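Structure first, commentary second.
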């Protein structure tokens with residue numbers, strides 16, 4: 001029987017620090033509650049060049065993914081780590097400035113699966129592509145929850161890795177190490 005996705009279960013992220021030698025160092029994975037839904041759209045189109053009425057050259061271009069992530073509410077720590085907002089926990093305030101630099105981070109999205117093994121999609125080089133959308137409206141005869149959505153660009157790492165998929169029923173606290181693939185035929 002085929003393994004099917006049963007539902008979105010968990011969000012995790014990790015900070016990225018670029019070391020002096022240019023390599024990335026990953027912080028511990030931070031989980032946050034409230035994931036509602038996500039969609040992952042591939043970025044990049046194949047390049048095709050025709051000459052003499054035939055295909056003379058083609059190349060697949062993988063520019064990563066655009067992730068749309070909807071949550072109940074983005075936490076202040078996420079707004080700091082993903083957008084560079086200034087957070088003052090003592091005063092319970094968060095400030096957004098027009099010149100702030102959006103830091104890079106990594107993202108982990110866990111799904112429930114029909115085989116009970118779970119699946120985690122790891123993206124190692126992300127930036128918030130937009131600030132979250134949010135809305136509010138008056139309460140009438142019930143409670144109509146409002147959610148926040150953010151667009152995230154998941155790009156390839158320096159070694160070309162775009163996404164890594166593992167199995168698991170819980171996002172681990174340590175980012176998995178991915179070995180470079182062996183050349184074909186090696």
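Pairing each residue of segment 87-101 that is at negative phi and in a loop (DSSP other than H, G, I, E, B) with any residue that is modelled with pLDDT under 90 and surrounded by fewer than 10 Cβ atoms within 10 Å (Cβ to Cβ), provided the two are 6+ apart or on different chains, yields no C-beta distance under 8 Å. Taking the numbered list (1) in contact with a helix residue (DSSP H, G or I) (Cβ under 7 Å, 6 or more places away or on another chain); (2) surrounded by fewer than 17 Cβ atoms within 10 Å (Cβ to Cβ) in turn, residue 63 passes all entries but (1).
Taking the numbered list (1) under 12 Å from the mean Cα position of the chain (by Cα); (2) under 24 Å from residue 23 (Cα atoms) in turn, residue 166 passes all entries but (1).
Per-residue answers, yes or no, for (1) at pLDDT below 90; (2) under 22 Å from the mean Cα position of the chain (by Cα):
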position	(1), (2)
70	no, yes
104	no, yes
126	no, yes
132	yes, yes
140	yes, no
143	yes, no
158	yes, yes
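The set of residues in segment 1-49 that are in contact with a helix residue (DSSP H, G or I) (Cβ under 6 Å, 6 or more places away or on another chain) and more than 27 Å from residue 77 (Cβ to Cβ) is empty.
Could we say that residue 131 is under 18 Å from residue 72 (Cβ atoms) and surrounded by 16 or more Cβ atoms within 10 Å (Cβ to Cβ) here? Before you say what the answer is, go through the steps one by one.
Numbers: under 18 Å from residue 72 (Cβ atoms): yes; surrounded by 16 or more Cβ atoms within 10 Å (Cβ to Cβ): yes.
Against the criterion (under 18 Å from residue 72 (Cβ atoms) and surrounded by 16 or more Cβ atoms within 10 Å (Cβ to Cβ)), residue 131 qualifies.
For segment 72-86: of the residues being part of a loop (DSSP other than H, G, I, E, B) and in contact with a helix residue (DSSP H, G or I) (Cβ under 9 Å, 6 or more places away or on another chain), which is modelled with the highest pLDDT? Top of the filtered list is 85.
Based on this model, can you work out whether residue 41 counts as modelled with pLDDT under 90 and either in a strand (DSSP E or B) or surrounded by 15 or more Cβ atoms within 10 Å (Cβ to Cβ) (or both)? No; evaluated as a whole, the condition is false for this residue.
The values are calculated or read from the model by the stated rules, or taken from the named source; none is laboratory data. Given the structure is predicted, the values throughout are model-derived calculations rather than measurements. Every residue, glycine as well, gets a Cβ built from its backbone with ideal geometry; the counts of neighbours run over all protein chains shown.
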